[in-house]
Amino acid sequence: MISGVLLDLAGVIYDGDRAIPGAVDAVVRLREAGLPLRFVSNTTRSTRRTVLDRLAGFGISVPADELFTPARAAREWLVKRRLSPHLLVHPNLEAEFEGLPAHGRRAVVIGDVGETLDYTALNQAFRELSEGADFLALASNRAFKDADGRLSLDAGPFVAALEFACQRQATVLGKPSPDFFQAALLA
C-alpha cells in the first residue's frame, strides 16, 4: 500500500526548461488520490524559491513544505547541531543560509560552486576542516547536464578533493543518501 510519494524533479518532472510530457497530469492524479507528496531535488545552485517558481511556471503548485533540497537539509542540520556554516556553495544558494545564528562550532558546507570556485576558497574550506569543522556535502554527484546541454563538473569531484586532503569523509545531505530521503519523508 502506498502511503506517500517522493518525486524527483530533474528528469522526472522537467527536463531543462520544459515539463516532461505527462508529468503535470501525473502530479494532479497523485493529489486527487489524496497521497502526500514530497518533491526532492539535488540542486545546489538554485534556491527553494527559484525551484518553486519554476514548478509554478509548469503549472505545478507546490507548497514550500513539500519541496526538499540539500540546502534545506543542511540548514536543518546546522540549526539542530548549533553549527555556523563556512559556505563553499554557488552564490545563488547563499541566501538559503541567511539568518542562521552564529555559534563557535563550524561546519564546511560544500555544493556546486560554479565558476566562483578558486584555490583560495577551496583552501579556506580545507583549513576549516583541518581545524575540526564538521564536513557537509550537499551532493556528491560527478557531473550534471548544464544549461548548454553538455556535462559539467558537479560538487562530487571537489568533495572528493577535500575528503582526500583532510582524510575524512563528508556527510552527504543530498541524494542518494538514505538520510536525505528519510528527512524528506518526515518534513
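Inspect all residues belonging to the range 96-108 and state whether any of them is under 15 Å from the mean Cα position of the chain (by Cα), at pLDDT below 95 and among the small types (Gly, Ala, Ser). So far as the range 96-108 goes, no, none of its residues is under 15 Å from the mean Cα position of the chain (by Cα), at pLDDT below 95 and among the small types (Gly, Ala, Ser).
Listed conditions (1) more than 23 Å from residue 112 (Cβ to Cβ); (2) part of a loop (DSSP other than H, G, I, E, B) are all met by residue 43, apart from (1). Name the single residue, out of those in the range 172-187 being closer than 18 Å to residue 111 by Cα and part of a loop (DSSP other than H, G, I, E, B), that is least open to solvent (accessible area, probe 1.4 Å). Ranking the candidates gives 174 first. If you take the residues of the range 142-157 that are in contact (Cβ under 8 Å) with a residue 60 or more places away in the chain and of a type in the set (A, V, I, L, M), which of them is surrounded by the fewest Cβ atoms within 10 Å (Cβ to Cβ)? Only one residue tops the list, namely 147.
Taking strands (runs of 3 or more DSSP E) that do not extend beyond the range 66-141, which have at least 1 residues that are open to solvent by 30 Å² or more (accessible area, probe 1.4 Å) and not charged (D, E, K, R)?
Where strands (runs of 3 or more DSSP E) fall fully within the range 66-141 and carry at least 1 residues being open to solvent by 30 Å² or more (accessible area, probe 1.4 Å) and not charged (D, E, K, R), they are 84-88.
Each residue in the range 1-52 was checked for being open to solvent by 70 Å² or more (accessible area, probe 1.4 Å), farther than 18 Å from residue 187 by Cβ and of a type in the set (D, E, K, R), and 5 of them qualify. The number of residues in the range 8-38 that are farther than 21 Å from residue 146 by Cα and not in a loop (DSSP other than H, G, I, E, B) comes to 12.
The values are calculated or read from the model by the stated rules, or taken from the named source; none is laboratory data. Worth saying up front: this structure is predicted, and the values here are computed from it rather than measured. All Cβ positions, glycine included, derive from the backbone under ideal geometry; neighbour counts span all protein chains shown. Keep in mind that these areas ignore ligands, DNA and RNA; they rest on the heavy atoms of the full protein, side chains included. Shrake-Rupley method; radii C 1.70, N 1.55, O 1.52, S 1.80 Å.
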